[in-house]
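FYI, it's all coordinate maths here, none of it is from the lab. As the structure is a prediction and not an experimental result, all values here were calculated from the model. Note: ideal-geometry Cβ built from the backbone for every residue, glycine included; neighbour counts use all protein chains shown.
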Amino acid sequence: MAGTLEHEATSVLKSNGKVFDPAAVAKEPVPPVVASDDAIVENKREIVLGRNVHTTCLPITEPEVDDESTGGKEAFMAGVLARYRKTLIDRTTHHLGYPYNLDFDYGALAQLQHFSINNLGDPFIESNYGVHSRQFEVGVLDWFACLWEIEKDEYWGYITNCGTEGNLHGILVGREVFPDGILYASRESHYSVFKAARMYRMECVKIRTLVTGEIDCADFKAKLLPNKDKPAIINVNIGTTVKGAVDDLDLVIQTLEECGFSHDRFYIHCDGALFGLMMPFVKCAPKVSFKKPIGSVSVSGHKFVGCPMPCGVQLTRIKHINALSKNVEYLASRDATIMGSRNGHAPIFLWYTLNRKGYKGFQKEVQKCLRNAHYLKDRLREEGISSMLNELSSTVVFERPLDEEFVRRWQLACERNMAHVIVMPNVTIEKLDYFLNELIIKRSIWYKDEKVQPPCLAADIGSENCVCLLHK
Ligand SMILES: Cc1ncc(COP(=O)(O)O)c(C=O)c1O
């Protein structure tokens, strides 16, 4: 593969004039083949928590005495960056597994790179640090408040570093509102939800899921009833990580009510990291709205929106935030966020995209993603490959490719026997065809000998979606 990090490491050593020993150059990490909770066995190499593996590394080298006059160091670094840029282009071209929209043009914002923009503190209370972008941040938050139907004077929110931070914040608000509450989350919830439970030392009850990946409300009910004496804090998924399943928010609320939980005895956080910004633009899709008894919603900004840096949006009700926040004299602001310093560039990127695309632009992009996802699923089926596409989703789940090199080439996220492609606005039919053609050729090699068969996915996506030897 051209321009890999392995290649970078080699060049660095050479251009520094240090001894080059090819055997010493670390190989690219080998992909995982079996995953368990604590250890991932990679081809003959095991990743164990607590042991760092230095696979690839661009060492820092001290400047030579004559570097300033010769410009040697600058030229060397320019070379490294140019090669890295090539790697990024290659990796962007062969990317299908993560929900990142890699199609954007933020050229107009390049002029702001010279500023250290930091929105530390509360977005609504200006701190003493003047190089901030709060005006953009609040504009973006107001747009989301309108999308999720909450009045400007009733919400509080901020631009986070990622969807994970949104979950950590939403669940923390729930915990502050109900210090003795139990956290309920479907077992297909993102790992950040269970991380929040561990961080806050909360009692956490995992709920079973349907084969689609959606929360099983019958099991939810069964697990709520013995705990009626304690308030409930619930994570509702607006798009699960692996299958893109959308939990039925209305049914979750109904289940709580049927179990005797009045609205002042539960707190719902909606994790919309993946699909929270797509669902509002899908015709006839259920609504995430603060008109319903929910406490908070979060999304990632680098996924469907296509920000070039990780970021996200978190909104909650202003009445809840007072329990959490503290004034900080040295900032002249209020501390109600998870992080201290906050990326002030991210709100500007979000503001720029929302202004350029608007509601109509997003609607068009969502429709394209759903159309292309259906195309991919249909083509996989035509080729006799087990696959599933949830109704409101652009996540196409299919059989895990046999060859981990192929998985790495296309950066597919895999779990058990499943892999998925998440169709984002930058994923065109041409790209899907390119991928499909490679997959079909590879499968004819992997499975040419009848002794090796494609995996059975009945347990993962249902026998109706599985076309293994047993189920076709
Ligand atoms: C459902 C869900 N929640 C939360 C996250 C975490 O988002 P981030 O990667 O922005 O931290 C993800 C990431 O893919 C996700 O799929």
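With a point put 7 Å past each Cα toward its Cβ, work out how far HIS114 is from TYR359 in nm, to one decimal.
The two pseudo-label positions are separated by 3.9 nm.
Between ARG208 and LYS472, with labels modelled 7 Å along Cα→Cβ, what's the label distance in nm to one decimal, could you check?
The answer from the label model is 3.1 nm.
Among GLN411, PRO425, GLY361, flag the residue with its Cα farthest along the positive direction of the charge dipole of the range 321-472, charges on Cβ as +1 for Lys/Arg and -1 for Asp/Glu.
The residue sitting most towards the positive pole is GLY361.
Which value in nm describes the separation of the simple spin-label points at ASP229 and LYS451, placed 7 Å from the Cα toward the beta carbon?
A separation of 6.1 nm, rounded to one decimal place.
Where in the chain are the helices, taken as whole DSSP H runs, whose Cα atoms extend 18 angstrom or more along the long axis and whose Kyte-Doolittle mean reaches at least 0.5?
Going by DSSP H runs, the hits are 134-147.
Report the gain in length on full extension from ASP180 to GLN135: 0.36 nm times residue separation, minus Cα-Cα distance, nm rounded to one decimal.
Stretched out fully, the ASP180 to GLN135 stretch lengthens by 12.5 nm.
All other residues with a Cβ under 13 Å from the Cβ of PHE290 taken together, and with Lys, Arg as +1 and Asp, Glu as -1, what is their net charge?
Net local charge, PHE290 excluded: +2.
Rounded, prolate or oblate: which fits the chain when a ≥ b ≥ c are the square roots of the eigenvalues of the alpha-carbon gyration tensor, with rounded for a/c under 1.5 and prolate only if a/b beats b/c?
Judged from the Cα gyration tensor, the chain comes out oblate (a/c at least 1.5, b/c at or above a/b).
Summing Lys, Arg as +1 and Asp, Glu as -1, what charge do residues with Cβ under 12 Å from the Cβ of LYS431 carry, LYS431 excluded?
Charge balance near LYS431 sits at -4.
Return the calculated 222 nm mean residue ellipticity for the chain, to the nearest 500 deg cm²/dmol, obtained by summing -39500 (n - 2.57) across DSSP H runs with n ≥ 4 and dividing by the residue count.
After summing the helix terms and dividing by residue count, I get -11000 deg cm²/dmol.
Taking the inverse of the average 1/r across all pairs of different Cα atoms in the range 110-356, what Kirkwood radius in Å do you get?
When all Cα pairs of the range 110-356 are included, the Kirkwood radius is 18.2 Å.
Which order, highest average first, do 88-94, 433-439, 163-169 follow once you tally other Cβ atoms within 10 Å for each residue and take the mean per peptide?
Descending packing order for the listed peptides: 163-169, 433-439, 88-94.
Could you list the residues of the range 312-329 with an amide nitrogen less than 19 Å from a label point located 7 Å from the Cα of LYS152 in the Cα-to-C-beta direction?
Correct set: 314-319.
Rounded to the nearest 0.05, what FRET efficiency do ARG416 and ILE441 give with R0 = 35 Å and r taken as the Cβ-Cβ distance? Could you check?
0.90
Report the gain in length on full extension from LYS195 to GLU74: 0.36 nm times residue separation, minus Cα-Cα distance, nm rounded to one decimal.
Value of the extension gain: 39.3 nm.
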